[in-house]
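Notes for the one structure printed next.
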Amino acid sequence: MIKVDNVSMRFNLGNDKVNTLKEYFIKLVKRQIKRDEFWALKDISFQVNPGEVLGLVGINGAGKSTLLKIVAGVMKPTKGSVCVDGAVAPMIELGAGFDPELTAKENVFLNGAILGYSKKFLQSKYDEIVDFSELAPFMDVSVRNFSSGMVARLAFSIATLVAPDVLLVDEILSVGDAPFRVKSEQKMMGMINGGTTVMFVSHSADAVEKICNRVLWVDHGAMRQIGPVGEVLGAYKEFCDR
């Protein structure tokens, strides 16, 4: 279960260019540092029940990814609280934990360790990761030479090794080639059918309709509407067509 209670997120946007730490402290003492406040999220409250799939929709910059990062624990909200029961798998920025100078094989163990997997477990699952990613000929190649689609393949294959209690997904099904997207979607559907609770961000209405039970529409950091898929998507589409 996921419970988000009156969550707000503020960012301070600095307008002044400061070249050195000394210059920063001098301006700070003289109160010459100017910052503009930007509220990326404002008073967001909702609950996702066990086994439910909640879709998040909204225009770019609406706050969807920020909300997902807060639920994942990557960011701490300025106000409010988040409670998540169970193990969380955040598929928010695939490949974010990769070292581009290391080979794909080395990054399997690096990224896997970041996700909490032991070396022994990763060794036992290594062939499974390679087979799913379809990158066997490239495992000794530095990741800096990979395309974004290849990075997504490898990252998705590592992240989905174990079905989590909670899955947070941000547009990952839009990367890679069509056959791999289909395979990734099938694996995700297997997790969902197995009872995994999901928050799913996507700009694809078809994808949201296909896998979600409810939809949350976020607009400029605020909750615009939450409810049945058809009802919320219909209102969102009408808004976008204006």
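State which residue is nearest to Leu67 (Cα to Cα) when the search covers only the range 217-242 and only residues that are in contact with a helix residue (DSSP H, G or I) (Cβ under 8 Å, 6 or more places away or on another chain) and without any contact (Cβ under 8 Å) to a residue 24 or more places away in the chain.
Gln225
With the condition kept exactly as written, say whether any residue in the range 141-149 is among the basic types (Lys, Arg) and loosely packed, with under 14 Cβ neighbours inside 10 Å.
yes
What are the residues in the range 90-114 that are part of a loop (DSSP other than H, G, I, E, B), surrounded by 16 or more Cβ atoms within 10 Å (Cβ to Cβ) and without any contact (Cβ under 8 Å) to a residue 60 or more places away in the chain, if any? Working first, answer last.
First pass over the range 90-114, keeping only residues part of a loop (DSSP other than H, G, I, E, B): 92-102.
Pick out the ones that are also surrounded by 16 or more Cβ atoms within 10 Å (Cβ to Cβ) and you get 92, 94-95, 97-98, 102.
The answer is Gly97, Phe98, Leu102.
Scanning for something assigned by TED's automatic domain parsing to the domain that holds Arg224, of a type in the set (Ser, Thr, Tyr), buried (at least 16 other Cβ atoms within 10 Å of the Cβ) and in contact (Cβ under 8 Å) with a residue 40 or more places away in the chain, does the range 58-67 turn up at least one residue?
Just the residues of the range 58-67 that are assigned by TED's automatic domain parsing to the domain that holds Arg224, to begin with: 58-67.
Next, from what is left, pick out any that are of a type in the set (Ser, Thr, Tyr): 65-66.
After this cut, where a residue has to be buried (at least 16 other Cβ atoms within 10 Å of the Cβ) as well, the list is 65-66.
Among the residues that remain, those that are also in contact (Cβ under 8 Å) with a residue 40 or more places away in the chain are: 65-66.
Yes: the range 58-67 contains one or more residues that are assigned by TED's automatic domain parsing to the domain that holds Arg224, of a type in the set (Ser, Thr, Tyr), buried (at least 16 other Cβ atoms within 10 Å of the Cβ) and in contact (Cβ under 8 Å) with a residue 40 or more places away in the chain.
Could we say that Lys120 is in contact (Cβ under 8 Å) with a residue 24 or more places away in the chain, assigned to a helix (DSSP H, G or I) and farther than 25 Å from Glu171 by Cβ here? I'd like the intermediate steps shown before the answer.
Numbers: in contact (Cβ under 8 Å) with a residue 24 or more places away in the chain: no; assigned to a helix (DSSP H, G or I): yes; farther than 25 Å from Glu171 by Cβ: yes.
Here the answer is no, as Lys120 does not meet what is asked.
The values are calculated or read from the model by the stated rules, or taken from the named source; none is laboratory data. Note that the structure is a prediction, hence the values are computed from the model and not measured. Methodologically, a virtual Cβ is constructed for each residue, glycine included, from the backbone with ideal geometry; neighbour enumeration extends over all protein chains shown.
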